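For reference, the structure is listed below as structure tokens.
Every read-out reported here was derived from the displayed coordinates using simple, explicitly stated rules and does not represent laboratory data. Nothing here was measured: the structure is a model prediction, and the numbers come from that model. With ideal geometry, Cβ positions are generated from the backbone for all residues, glycine too; neighbour counts draw on all protein chains shown.
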Amino acid sequence: MFDEVAARYDLTNDVLSFGQTRLWRRRLVEALDVRPGERVLDLAAGTGTSTEPFVAAGAEAIACDFSLGMLQVGKRRRPDMTFVAGDAMDLPFADDTFDAVTISFGLRNVAEPLAGLAEMLRVTRPGGRLAVMEFSDPTFRPFNRVYNEYLMRALPSVARAVSSNPEAYVYLAESIRAWPDQEELAAQITGVGYSDVKYRNLSGGIVAIHHARKLGRLDSDD
């Protein structure tokens with residue numbers, strides 16, 4: 001499905017989010033606080049658009065995705081970046097490899113999200129950080145109904161005008177509605193072993209960024 005929408009994926013996302021994706025990505029970079037020279041794994045990176053800010057910040061960033069079609073589009077567009085095909089539930093990286101691991105709007109597409117989070121923990125170095133950006137539950141209840149109506153009715157209709165596979169966005173709408181709210185996702189991240197789990201709502205809770213860290217060796221000794 002993602003192979004089929006790769007060519008116009010970034011354009012479609014910009015249209016469907018009314019341009020908010022760029023703002024959300026900036027907030028993610030701030031949350032992860034990436035420093036020059038750090039190793040960063042960007043999962044569900046698609047065409048690498050979400051990886052570019054980390055490269056610009058001087059990080060050694062890897063764009064990893066399950067969709068070869070997405071990676072091929074990204075590699076043609078940014079041949080200077082590193083793209084790796086990988087399954088979030090069985091990552092092709094050694095333990096304790098990355099200073100920071102992030103996934104944007106992709107965790108809900110992992111067949112077993114908890115297994116994916118456990119893999120992210122495994123490849124994060126002790127003391128390293130995690131940031132998960134995902135659609136979430138609007139905090140203003142009257143708006144919640146309007147938002148869900150948009151997801152199920154307007155979003156697929158708009159996608160038909162700009163996407164190469166509009167049916168894929170019916171799945172997108174359904175997966176967003178079925179996704180856990182902010183507190184439940186925070187509990188899941190804590191449950192796999194991350195610590196200091198916090199989240200920040202963006203755009204009234206339409207999107208939330210959960211950030212956490214992996215206990216360092218000194219923390220474990222305590």
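One quarter of the convex hull surface built on the alpha carbon atoms of segment 35-82 amounts to 2.8 nm², the projected area averaged over directions.
With the simple model of a label 7 Å out from the Cα in the direction of the Cβ, Ala85 to Arg35 spans 3.6 nm.
The HN-Hα couplings worked out from phi for segment 44-50 by the Karplus form 6.51 cos²θ - 1.76 cosθ + 1.60 (θ = phi - 60°) are 6, 6, x, 7, x, 4, 6 Hz, whole numbers, x standing for Gly and Pro.
Under 5 Å from the amide H of Phe98 lie the amide H atoms of Thr124, Arg125, each residue being 5 or more positions distant or on a separate chain, with H modelled from the backbone and absent for Pro and chain starts. Residue separation of Ala111 and Ala94 scaled by 0.36 nm, minus their Cα-Cα distance, works out to 4.0 nm of gained length. Amide H contacts of Leu202 (H built 1.01 Å from N, in plane; Pro and chain starts excluded): Val207, Ala208, Ile209 sit under 5 Å, all sequence-distant by 5 or more or on other chains.
Please tell me the relative contact order of segment 51-102 in percent, rounded to the nearest whole number, where contacts are Cα pairs under 8 Å and at least six residues apart. 31 percent.
Our coupling estimate for segment 54-61, obtained by passing each phi through the Karplus curve with A = 6.51, B = -1.76, C = 1.60 and θ = phi - 60°, is 6, 5, 5, 7, x, 7, 8, 9 Hz, Gly and Pro reported as x.
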